[in-house]
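Shown next, in structure tokens, is the structure this report addresses.
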Amino acid sequence: MKLQLTNDLCFFDIEATGLHVIRDRIIQIGILKYSADTSEPSELNLMVNPGIPIPQDSTRIHGIRDEDVADKPVFSKLAQQVFDFIGDADLAGYNCLSYDVPMLLEEMHRAGIDMDMDNRRVIDVQRIFYKMEPRNLAAAYRYYCGKNMTEAHEAMADVRATAEVLAGQLEMYSGVDLKLDDGEVIPEPVRNDVQALHEFTNDSTLIDATRRLKYNHNGEVIFNFGKYIGKPVAPLLAADKQYLNWILQKDFSFQVKSIVQKLVKEYEAQQKK
């Protein structure tokens with residue numbers, strides 16, 4: 001790739017203990033640095049001890065376990081190396097504006113390094129993709145049905161188009177398997193079967209429509225938000241009634257409130273046996 005550069009450009013990607021850019025920690029950072037005066041990019045690939053356990057849900061995504069980074073340096077020991085490698089370069093990545101950049105800035109700040117972004121340009125490749133290939137109903141209608149919507153955002157026109165899009169998807173993906181990034185193959189996930197389509201389009205780990213609660217790998221209901229994120233709901237709320245009352249009084253959905261009340265009641269009854 002021959003980029004027209006007036007400044008160095010660093011493509012970078014971060015793997016971390018989770019998706020929270022403040023609470024989670026970097027466990028790997030890979031950087032590919034393109035310079036205006038060289039034809040081949042330079043690389044930096046570092047494994048990092050996050051100092052906190054790596055959740056199994058995260059390991060299932062990137063494959064990095066606690067033991068893989070147990071003997072690696074913590075980020076504060078690598079921060080200067082990363083900072084010096086990037087230098088004054090501009091940055092690029094996939095979904096980097098929402099995730100990689102803010103997480104890197106947080107880690108740099110904790111290491112005592114001010115990574116100035118005022119004069120540093122950032123390219124988010126995901127946003128190019130989403131803007132050039134929009135993922136709205138009108139775009140889906142053009143792609144699957146070969147027609148333009150003339151009454152977008154009118155309720156009945158939208159619902160008719162949605163039904164046509166599903167019909168187009170069933171036809172286009174008939175007999176087509178889905179290969180995931182980890183090599184797993186889902187055989188014919190889009191087929192004329194309501195249960196199959198339900199399972200394919202829903203995340204079975206999520207419990208409520210607002211995504212505040214989810215199941216962990218043990219089938220326990222855990223928090224998907226706040227200070228107890230990733231922790232089991234029932235024992236924590238049974239012990240922390242102030243937090244339970246806060247949930248019940250704040251703008252959480254009726255579904256969330258009903259679930260947490262039921263879980264606490266069942267947990268306390270079990271503890272009395």
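Any read-out appearing in this document is the output of simple, stated calculations on the displayed coordinates, not a laboratory observation. These figures come from a predicted structure and were not determined experimentally. Note that each Cβ is placed from the backbone with ideal geometry, even for glycine, and that neighbours are counted across all protein chains shown.
Values as computed for the structure displayed
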{"quantity": "Most mobile listed residue (155, 140, 89) in the chain, GNM with C-alpha springs under 10 Å", "calculated": "155"}
{"quantity": "Ellipsoid equivalent to the range 84-149 - semi-axes via the Cα gyration tensor, in Å", "calculated": "37, 11, 8"}
{"quantity": "Highest average packing first - 107-115, 264-272, Cβ atoms within 10 Å", "calculated": "107-115, 264-272"}
{"quantity": "Given [x] 32, 25, 18; [y] 38, 27, 14; [z] 36, 33, 18, the label whose value is semi-axes √(5λ) of the Cα gyration tensor in Å derived from this model", "calculated": "[z]"}
{"quantity": "Extreme residue, positive dipole direction of the chain, given options 78, 17, 213 (C-beta unit charges)", "calculated": "213"}
{"quantity": "Sequence-distant residues sharing a close amide H with residue 27 (under 5 Å, placed H)", "calculated": "15, 16, 17"}
{"quantity": "222 nm mean residue ellipticity, helices alone, for the chain (DSSP H n ≥ 4; -39,500 (n - 2.57); rounded to 500)", "calculated": "-12000 deg cm²/dmol"}
{"quantity": "Computed magnitude of the charge dipole of the chain (debye, nearest 20; Cβ of K, R +1, Cβ of D, E -1)", "calculated": "1240 debye"}
{"quantity": "5 angstrom amide H check on residue 92, placed H, neighbours 5+ away", "calculated": "10, 11, 12, 123"}
{"quantity": "Full-stretch length increase - residue 240, residue 268 - with 0.36 nm per residue and alpha-carbon distance subtracted", "calculated": "8.8 nm"}
{"quantity": "Calculated from backbone phi, Karplus (6.51, -1.76, 1.60) coupling profile of the range 207-220 in Hz, x at Gly/Pro", "calculated": "9, 10, 5, 8, 6, 8, 10, 8, 9, 8, 5, 8, x, 7"}
{"quantity": "Backbone HN-Hα couplings from phi across the range 192-201 [Karplus 6.51/-1.76/1.60, Hz, Gly and Pro as x]", "calculated": "6, 8, 4, 5, 5, 5, 4, 5, 6, 9"}
{"quantity": "Debye-sum result for the range 9-129 in log10 I(q)/I(0), which assumes one identical scatterer on each alpha carbon, at q = 0.16, 0.21 Å⁻¹", "calculated": "-0.76, -1.27"}
{"quantity": "5 angstrom amide H check on residue 208, placed H, neighbours 5+ away", "calculated": "213"}
{"quantity": "Among 155, 175, 165 the positive-end extreme of the charge dipole of the range 106-179 (Cβ point charges)", "calculated": "175"}
{"quantity": "Of 15, 106, 171, the one that fluctuates the most in a GNM where the chain has Cα springs shorter than 10 Å", "calculated": "171"}
{"quantity": "Taking the C-alpha atoms of the range 157-216, convex hull volume expressed per residue in Å³", "calculated": "125 Å³"}
{"quantity": "Alpha-carbon Rg with Dmax, taken over the range 155-260, Å", "calculated": "19.0, 53"}
{"quantity": "Residue-wise HN-Hα coupling along the range 180-189, computed from phi with Karplus coefficients 6.51, -1.76, 1.60 (Hz; x: Gly, Pro)", "calculated": "7, 4, 7, x, 5, 10, 9, x, 6, x"}
{"quantity": "Dimensionless Rg over Rh [the range 213-272; C-alpha; Kirkwood]", "calculated": "0.93"}
{"quantity": "Selection of trypsin sites (Lys or Arg not before Pro), the range 164-234, meeting DSSP coil and at most 16 other Cβ within 10 Å", "calculated": "191, 211, 227"}
